[in-house]
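Engineer: Before we start, here is the structure in question, set down as structure tokens.
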Amino acid sequence: MHSVRAALKSPRLLRTEVLAGLVVALALIPEAISFSIIAGVDPQVGLFASFTMAVTVAILGGRPAMISAATGAVALVVAPVMRDHGFDYLIATVILGGLIQIVLAVAGVARLMRFIPRSVMVGFVNSLAILIFLAQIPHLVDVPWLVYPMVAAGLVVIVLLPRITNVVPAPLVAIVVLTAITVVAALNVPNVGDEGELPSSLPALFTPDVPWTLETLRIIAPYAVGMALVGLMESLMTAKLVDDITDTHSDKTRESWGQGVANVVTGLFGGMGGCAMIGQTMINVKASGAHTRISTFLAGVFLLVLVVGFGDAVATIPMAALVAVMIMVSVGTFDWHSVAPATLRRMPRSETLVMVVTVAVVVATENLAIGVVAGVVVASVLFARRVAHFTEVVDVAQPDPETRVYKVVGELFFASSKDLVYQFDYAGDPPNVVIDLSESHIWDASSVAALDAIETKYAAKGKTVTIRGLNEASRERHGRLAGHLDAGE
């Protein structure tokens, strides 16, 4: 709220927020229409969803300046519901998905962000940049030749204008200039109007006409859960990215339930649901310099005003202008430092592999959630493998002929404890064996089971085992589980 009050008191900051909201609104229009097509609904469903998402999240969300609207990821999840069961079931799915997000927020799902490694974050950013760029390719294929110089002109304006002045966002100037040239010269190039019909009325409350039965829940629940998880993952990852860019912290739990409430509101107004949008967020934060909720709120308001009140004018905007904006967003989003030869030589191969897997899966599936999960799984496996190799059993000097002391050095968990049982000389050791765990830690039941197996093997040969040096947490876990685990564990 402090940043909002500061912007309201400063004409310069307020102008930045207002113009940023206008640029984002213009960029949202073709995106929302495209996502509506993916979901199999009328363009107004995606446009209204973008309006309600942006306005609601601006008020309730935890990350200032982040843009939420109708997205391709959510559209892909809910498209089968629309195809197989119709619009009413789609809206019921969106509302249920929002409610699930609220429940997950209360349960503390935002805290899971700490388990996403930096290499996955880098892969997330790079894959987003690639997807944003690839989404522009259809607008550059089988089009009039005039589109190419117009895109080039837009790129020149966006790159060079900030070196002269930052009074007006360069993307807005590029859109206005190219639109003016198109209209004045009567150029026959693809425009926003070609993407779909714009709505002519305001959104109204909508109640889905579905039977309130367990059968309905069975139909929509799987899609609602998928939508909730994909939406939260994208939103929280985007919020973390904006945190890093702006060097500020945001409330991820508030962002989670803010997204849920926004989806419930969106469903009640007949929208298709959504989540945070990385491309439009980058336009808002990096290209336009916005930092407060004002830009997010105005992006939604301007979107509605433009498509309802000035639909004819908006329809004349050439797609070349918006393609130029999104290409620059793609270039600015990509972490070029992560693929520099010097960085690749210095970075551990496992870190680079995690980044590459994340990018490859996201680009192949066009689903950010699947890519992030794949990256986290690979990172976890590589980490477990690396840590497992750090665990070793050291033979300590024998205090007397009847006793042998082993020291276990490293972390004991399911990966490292599997081979632990094979590192002792059961036949050759004296009657008394001491296992010193003062430089180790027991993390799970697998480790306790391994220690039980070691004691059992020595007992079979008439020898006793003493375990010492356990820290408090390890002692508690070992005392609670020792002797109560099956051999299979």
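Engineer: Work out the charge dipole of segment 222-263 with +1 on the Cβ of Lys and Arg and -1 on the Cβ of Asp and Glu about the Cα centre, then indicate which of Ser235, Trp257, Ile245 is farthest towards its positive end.
Structural biologist: Positive-end residue among those listed: Trp257.
Engineer: What distance in nm separates the simple spin-label points at Leu187 and Val339, each placed 7 Å from Cα in the Cβ direction?
Structural biologist: 2.9 nm
Engineer: Order the following by accessible area, largest value first: Thr464, Thr253. Probe radius 1.4 Å; ligands, DNA and RNA are ignored.
Structural biologist: Thr464, Thr253
Engineer: Another question, if that's okay. Run the numbers for Val106 and Ile137: contour at 0.36 nm per residue of separation, minus the present Cα-Cα distance, in nm.
Structural biologist: 7.1 nm
Engineer: Give me the lysines in straight-line cross-link reach of Lys461: C-alpha distance below 28 Å, same-chain residues under 8 apart excluded.
Structural biologist: Lys461 reaches Lys407, Lys418.
Engineer: Averaged over every viewing direction, what's the projected area of the C-alpha convex hull for segment 80-139? Give it in nm², one decimal, please.
Structural biologist: Dividing the Cα hull surface by four gives the mean projection, 6.5 nm².
Engineer: With the cut-off at 1.5 for a/c, could you classify segment 185-330 from its C-alpha gyration tensor as rounded, prolate or oblate? Present the calculation step by step, with values, prior to reporting the outcome.
Structural biologist: Details: a/c = 2.08, a/b = 1.19, b/c = 1.74.
Judged from the Cα gyration tensor, segment 185-330 comes out oblate (a/c at least 1.5, b/c at or above a/b).
Engineer: Which whole-number percent is the relative contact order of segment 1-123 (Cα, under 8 Å, 6+ apart)?
Structural biologist: Relative contact order comes out at 18 percent.
Engineer: Continuing with the same structure: With +1 on each Lys and Arg Cβ and -1 on each Asp and Glu Cβ, and nothing else charged, work out how big the dipole of segment 74-182 is about its Cα centre, in Debye to the nearest 20.
Structural biologist: With only Lys, Arg, Asp and Glu charged at Cβ, the dipole is about 500 debye.
Engineer: Another question, if that's okay. If you roll a 1.4 Å probe over the heavy atoms of the protein chains, what accessible area per residue do you get for segment 95-188, in Å²?
Structural biologist: Solvent-accessible surface per residue comes out at 52 Å².
Engineer: Any idea what % of Cα-Cα pairs in segment 21-152 are farther than 18 Å? Mind dumping the intermediate values first?
Structural biologist: On the way: 5810 of 8646 pairs.
The proportion of pairs with Cα distances above 18 Å equals 67 percent.
Engineer: For segment 262-332, which whole percent of the accessible surface, found with a 1.4 angstrom probe, sits on carbon and sulfur atoms?
Structural biologist: Answer for segment 262-332 is 76 percent, counting heavy atoms of protein chains only.
Engineer: How large is the charge dipole for the chain, taken about the Cα centre, if only the Cβ atoms of Lys, Arg (+1) and Asp, Glu (-1) carry charge, to the nearest 20 debye?
Structural biologist: Roughly 1160 debye for the chain.
Engineer: Where both residues lie in the chain, what percent of DSSP beta bridges are antiparallel, nearest 5?
Structural biologist: Percentage antiparallel, nearest 5: 40.
Engineer: Among the DSSP beta bridges whose two residues both lie in segment 341-489, what percent are antiparallel, rounded to the nearest 5?
Structural biologist: Approximately 30 percent, going by the DSSP bridge assignments.
Engineer: Could you calculate the FRET efficiency of Glu215 with Arg346 from 1/(1 + (r/R0)^6), where r is the beta carbon distance between them and R0 is 51 Å, rounded to 0.05?
Structural biologist: The value I calculate is 0.35.
Engineer: Return the distance in nm (one decimal) between the two label points of a simple spin-label model at Ala453 and Asn471, each offset 7 Å from Cα along Cα→Cβ.
Structural biologist: Simple spin-label model gives 2.5 nm for this pair.
Engineer: Now for a separate question. In straight Cα distance, which lysines are under 25 Å from Lys240, not counting same-chain residues fewer than 8 positions off?
Structural biologist: Answer for Lys240, where 25 Å is the Cα cut-off: Lys252, Lys286, listed by chain and number.
Engineer: Accessible area per residue, 1.4 Å probe, Å², for segment 345-461: what's the number? Numbers along the way, then the final one.
Structural biologist: Values: 6060 Å² over 117 residues.
Spelled out: the 1.4 Å probe surface of segment 345-461, per residue, equals 52 Å².
Engineer: Send over a whole-number figure in Å² for the accessible area per residue of segment 294-341, probe 1.4 Å.
Structural biologist: 35 Å²
Engineer: Going through segment 400-479, which trypsin sites (Lys or Arg not before Pro) have at most 15 other Cβ atoms within 10 Å and a DSSP loop state?
Structural biologist: On the way: sites: Arg404, Lys407, Lys418, Lys457, Lys461, Lys463, Arg468, Arg475, Arg477; in loops: Lys418, Lys461, Lys463.
Those satisfying the criteria are Lys418, Lys461.
Engineer: So if each residue of separation counts as 0.36 nm, and I subtract the Cα-Cα distance between Ala364 and Asp444, what length gain in nm does that give?
Structural biologist: So the chain would gain 25.2 nm between Ala364 and Asp444.
The values are calculated or read from the model by the stated rules, or taken from the named source; none is laboratory data. It should be emphasised that the depicted structure is a prediction, and the values quoted were computed from it without experimental measurement. When we count neighbours, we look across all protein chains shown, and the Cβ atoms used for this are built from the backbone with ideal geometry, even at glycine. Side chains included, ligands, DNA and RNA excluded: accessible areas come from the protein's heavy atoms. Shrake-Rupley method; radii C 1.70, N 1.55, O 1.52, S 1.80 Å.
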